[in-house]
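Notes follow the structure.
The values are calculated or read from the model by the stated rules, or taken from the named source; none is laboratory data. Remember, it's a predicted structure, so these values are computed and weren't measured experimentally. So basically every Cβ, Gly included, is an ideal-geometry build from the backbone, and we count neighbours across all protein chains shown. The accessibility values were calculated without ligands, DNA or RNA, using every heavy atom of the protein model including side chains. Shrake-Rupley method; radii C 1.70, N 1.55, O 1.52, S 1.80 Å.
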Amino acid sequence: MKAVRIHEYGNRNVLAFEDAPMPSITSSEVLVKVVAASVNPVDWKIREGYLKEMVPYSMPVTLGWDVSGVVTEVGFDVTRFSVGDSVYSRPDIKRNGTYAEYVAIQENEVALKPLTISHNEAASLPLAGITAWEALITTAQISAGQKVLIHAGSGGVGTLAVQIAKSRGAYVIATTSGKNKALVESLGADEVIDYQTHNFAEVLSNIDVVFDTLGGDIQESSWSVLKQDGILVSIVSPPSEEKAKELNVRSAFVFIEPNAPILEELSKLVEQGKLRPVIGAEFALKDIVKAHTLSESGRTVGKIVLYVGQP
Ligand SMILES: NC(=O)c1ccc[n+]([C@@H]2O[C@H](COP(=O)([O-])OP(=O)(O)OC[C@H]3O[C@@H](n4cnc5c(N)ncnc54)[C@H](OP(=O)(O)O)[C@@H]3O)[C@@H](O)[C@H]2O)c1
């Protein structure tokens, strides 16, 4: 089968579109024929070797940890899926990924794809959607009427976070640049702050939840807008616990794992019309270098999808 693998860490030149062995499944796994995958910043961070202490790979490794496709084989112990099911997943990043024509995935990391959207759209949801859900629902436990600030409302995680927060009745404020303002408003944000013309820290206060998708100076400036006992949740770097204590607020860092129950919740929201995927760009799998170039630019709108094969 065709796959995009790396044989060593490095820049985009190490991405190889090549023949790779067909994966085989264990009794608890399903084999998925990949229709679409999507690109996340973690893909090029892994490619560069930034996560090698945390996740040591034996090379070559297939990148990509988002998929929508069709089950073509089920292990002996698999009970939830049958051949022919349309499914989606964010599989374990410690294993070969989804930039490939086929991928073997543990049954408990897979969910049925939402019925109302295409495979390309479904492939854009798992990693970013689980992340937004874990940060806002599981960790911050947002509730109706709370003021939630979402940084980078136009990004892969941000576009879903805005909609998930709205679906819980929160008052949503998001940051983005002027060119993406209309998009973020169309996702339901109550206020959109253009970070190129306004400093959010000067115009906001009394925020219940800040969702930090950017880290660095943005994380640092975010403390000051929180109300007492509010929470700063980051997916980029662990916020200082000392600082949180000093300011009488809470903080958390989220790094996601595969999670089929959350995928099932995302499917419900999609089917209820409360969550729509935003795809900023689509590429064929062989054009992976272009896709990584765009992701590394930091200017992605919504998600980058890779189309791989027919259902
Ligand atoms: N811990 C975890 O489990 C986990 C999971 C998923 C993602 N992440 C991390 O979370 C980060 C975000 O991921 P992502 O997929 O959402 O990234 P992304 O899609 O690449 O984010 C791009 C977006 O960021 C916006 N942006 C850039 N600078 C900004 C600023 N200063 N203020 C407001 N918006 C800004 C851009 O909008 P403009 O073009 O308008 O600037 C663009 O739309 C990445 O570092 C990723 O690795 C972590």
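Screening Gly280 against (1) farther than 30 Å from Ser205 by Cα; (2) open to solvent by less than 20 Å² (accessible area, probe 1.4 Å); (3) within 11 Å of the ligand (Cβ to nearest atom) leaves a single unmet condition, (2).
If you go through segment 246-266 and pick out every residue that is under 12 Å from Val110 (Cα atoms) and not in a loop (DSSP other than H, G, I, E, B), you end up with 5.
Taken over segment 283-311, the criterion of being within 14 Å of the ligand (Cβ to nearest atom) and not in a loop (DSSP other than H, G, I, E, B) is satisfied by Ala291, His292, Thr293, Leu294, Ser295, Glu296, Ser297, Lys303, Ile304, Val305. Give the residue that is farthest from the ligand (Cβ to nearest atom), with candidates limited to residues of segment 127-137 that are open to solvent by 10 Å² or more (accessible area, probe 1.4 Å) and more than 19 Å from Ser237 (Cβ to Cβ). It comes out as Ile137.
Among residues of segment 243-255 that are among the polar types (S, T, N, Q), those with a Cβ under 6 angstrom from a residue that is assigned to a loop (DSSP other than H, G, I, E, B), sequence gap 6+ or separate chain, pair up as Ser251/Pro239. Given the criteria assigned to a loop (DSSP other than H, G, I, E, B) and either touching a residue at least 60 places away in the same chain (Cβ under 8 Å) or not aliphatic (A, V, I, L, M) (or both), does Met22 qualify? Spelling it out, Met22 is indeed assigned to a loop (DSSP other than H, G, I, E, B) and either touching a residue at least 60 places away in the same chain (Cβ under 8 Å) or not aliphatic (A, V, I, L, M) (or both). For segment 205-237, a tally of residues being without any contact (Cβ under 8 Å) to a residue 24 or more places away in the chain and β-branched (Val, Ile, Thr) returns 0. Within segment 143-163, the set of residues being farther than 16 Å from Ser222 by Cβ, touching a residue at least 40 places away in the same chain (Cβ under 8 Å) and away from the ligand (no atom under 13 Å from the Cβ) comprises Gln163 only.
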